[in-house]
Every structure is written in C-alpha cells, then in structure tokens.
Amino acid sequence: AESVVPFVLHDQYIDESIDEPGRAERQDRLSDVAAAAVDALGGPVDAVTLADELMQAAYHRHVLAWSSVAEEQAGWEASGIDGELGPQSTMVSLVNRGCNKLDWFVDAAADLELTPAAEGREGTLRITVDNRTPGGQSSYIAGPQPRCGVPAAGDWLGFVTVHLPGRVGQAAVEGGGVVVDGRDGPTRVVAANLAVGAGQQAEVVVRFEVPSDVVAVEVEPSGRARPVPWRVGDRRFGDDRQHTVELTADRR
C-alpha cells in the first residue's frame with residue numbers, strides 16, 4: 001500500500017526506453033498489482049473499514065463510478081461516488097498530452113482572489129504549474145516525444161483545466177492558449193494549452209465575473225496524488241477534500 005502509488009505513476013517506467021521493448025513485462029507487473037488488490041479482498045476483510053476507506057477515496061475523487069443501468073447509477077449517486085460537480089463547484093486540473101510520464105514531477109498551486117464589483121465580484125485565479133523533473137529519467141518517462149509536440153526531454157505539455165460555478169459570466173485566460181470555454185454539466189469550464197520546461201514554472205491566470213447571487217464556491221478535490229494547495233485570502237488548504245469558500249455580504 002505504501003509503494004503502489006509511486007510504482008504506478010513513476011517507478012514502473014524507470015528502466016523503460018521510448019520504444020518500450022519491455023512493454024509486455026511491465027504490463028505483467030501491473031497485472032500483479034491488480035491481482036494483489038483483488039486477492040487482498042479475498043481474505044478476512046472488515047466491512048466497516050472497507051466501506052470507510054472507499055468513502056474516503058470517493059471524497060478525494062480517487063474512486064468514481066458510473067453505470068448505464070439506472071438503478072445502479074442511482075446507488076452511485078446516493079453514495080456520492082458518481083463524481084458529479086455542483087453549480088458552485090470550482091476545480092483545477094492538469095491534463096498531460098505530451099506522451100510522457102512526467103505527472104509524478106509536475107505540481108499545481110492555486111491562488112484565488114475575489115474583489116467587489118458593480119454586479120457582484122471579480123474573481124482572479126492564478127494557477128502556478130511547477131515542473132520539477134530531474135535529470136536521469138528514462139526516455140519513456142521524460143521523452144523527448146516530437147510526434148506529440150515535445151522536442152526536449154523533461155518538457156511537460158498539456159492543458160490547465162478550470163471548472164467554475166455555472167453562473168460565472170465573462171471569463172478570460174492569460175498565460176496559455178484557450179482550447180475550451182463552455183458548459184460542463186452545471187459548471188463553466190475553461191482550459192488553456194500550456195508548456196513548461198524541466199525545472200521551470202509557468203502561470204495561467206483566469207479572470208471571471210461572479211454574479212451577486214452566488215454566495216459561495218465549493219473547491220472540489222482534483223484527485224491528484226499530491227493535492228493542489230489553495231490560497232483564498234487568509235485561508236490555506238489542500239484540495240484533498242471539498243472546501244467551502246463563503247462570499248460574505250461585504251463581498252470581500
């Protein structure tokens with residue numbers, strides 16, 4: 001349990017080259033991990049502990065479930081593991097599209113500021129992406145991957161995705177090319193293309209309008225192995241669970 005996350009996200013690729021001659025062996029190792037997890041449930045299991053751990057994983061958005069069968073889907077929704085976002089949800093995510101395995105070394109941090117405006121509030125969300133990739137990584141982990149637009153080893157290429165409350169009005173993105181701006185269920189989602197070199201940082205700034213009838217935002221877990229640290233005014237928290245940010249009457 002202590003080593004499975006680094007193994008799945010990084011360690012399994014340490015000795016793999018970009019042309020992946022050992023792919024079958026690596027897949028066999030992943031099969032061993034899956035088999036061990038299933039076997040662990042085959043022995044004596046405390047049902048209360050299992051349910052509690054699954055609920056915690058769901059709260060952190062590490063486990064999500066969906067079913068095409070209405071009755072089963074209703075059960076997932078009732079248990080809170082369907083993953084649905086709400087009309088006040090706010091979430092920051094990174095999506096790697098560089099054909100590499102650098103996510104283990106790439107972190108994001110979020111800084112949200114809400115200031116009074118004539119029709120409500122103006123929001124400024126600053127997202128810092130930090131690429132801490134060290135030297136000496138295998139080519140399967142670090143690239144390069146020119147066919148995916150990554151000509152240099154260790155460069156991260158992907159999308160910074162932000163879900164905002166559905167009532168958010170005008171939104172603008174600075175620091176990255178906008179690739180998405182529209183509805184996603186009850187939320188507004190914007191995404192920007194971003195490249196961050198090894199050992200470098202980059203910032204994306206999202207500015208948006210919050211109507212006066214939005215009284216709170218819910219910062220949702222991103223499901224990342226290392227939670228995204230948030231700063232909202234004097235508050236500091238990680239997105240390993242949901243946090244409510246009240247928008248007070250004085251709009252500060």
Q. Counting only complete DSSP H runs, which helices of the chain cover 27 Å or more along their long axis at the Cα atoms and score a mean Kyte-Doolittle of -0.5 or above?
A. 23-42
Q. In nm, to one decimal, how far is the modelled label at Asn96 from the one at Asp52, with both set 7 Å along Cα→Cβ?
A. 3.3
Q: Assign one of three labels to the range 63-118, namely rounded, prolate or oblate, based on the Cα gyration tensor with a ≥ b ≥ c the square roots of its eigenvalues; rounded applies when a/c is under 1.5, prolate when it is not and a/b is larger than b/c, and oblate otherwise.
A: oblate
Q) What do you reckon, how do Tyr140, Tyr13 stack up by accessible area (1.4 Å probe), largest on top? A) Tyr140, Tyr13
Q. Of Leu54, Leu194, Leu41, which is the most mobile in a GNM of the chain whose springs link Cα atoms less than 10 angstrom apart?
A. Leu41
Q: Write down the radius of gyration of the range 27-84 and its Dmax, each obtained from C-alpha positions, in Å.
A: 13.6, 36
Q. Any idea what diffusion coefficient the range 106-223 gets from Stokes-Einstein, in µm²/s, Kirkwood Rh on alpha carbon pairs, 20 °C, 1.002 mPa s?
A. 137
Q.
So with the 1.4 Å probe, I'd like the accessible area per residue for the chain, rounded to whole Å².
A. 54
Q) For the chain, what is the relative contact order in percent, using Cα pairs closer than 8 Å and at least 6 residues apart in sequence? A) 22
Q) Tell me, what is the 1.4 Å probe accessible area of Phe159, in Å² to the nearest 10? A) 60
Q. So for the pair Asp111, Leu41, with labels modelled 7 Å out along Cα→Cβ, what separation do we get in nm?
A. 4.3
Q. Between rounded, prolate and oblate, where does the range 16-147 land on the alpha carbon gyration tensor, with a ≥ b ≥ c its root eigenvalues, rounded for a/c under 1.5, else prolate if a/b exceeds b/c?
A. oblate
Q) Once you charge only the Cβ atoms, +1 for Lys and Arg and -1 for Asp and Glu, what is the size of the charge dipole of the chain about its Cα centre, to the nearest 20 debye? A) 800
(Q) Could you work out how much longer the chain between Asp15 and Val178 gets when fully extended? Use 0.36 nm per residue separation minus the Cα distance between them, nm to one decimal. (A) 55.1 nm
Q: Provide Leu125, Leu85 ordered by accessible surface of protein heavy atoms (probe 1.4 Å), highest first.
A: Leu85, Leu125
Q) Using the alpha carbon gyration tensor of the chain, what are the three equivalent-ellipsoid semi-axes (square root of 5 times each eigenvalue), largest first, in whole Å? A) 33, 27, 15
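The values are calculated or read from the model by the stated rules, or taken from the named source; none is laboratory data. These numbers were taken from a predicted model, which means no experiment stands behind them. Positions of Cβ are backbone-derived with ideal geometry, glycine not excepted, and every protein chain shown enters the neighbour counts. With ligands, DNA and RNA removed, areas are computed over all heavy atoms of the protein, side chains included. Shrake-Rupley method; radii C 1.70, N 1.55, O 1.52, S 1.80 Å.
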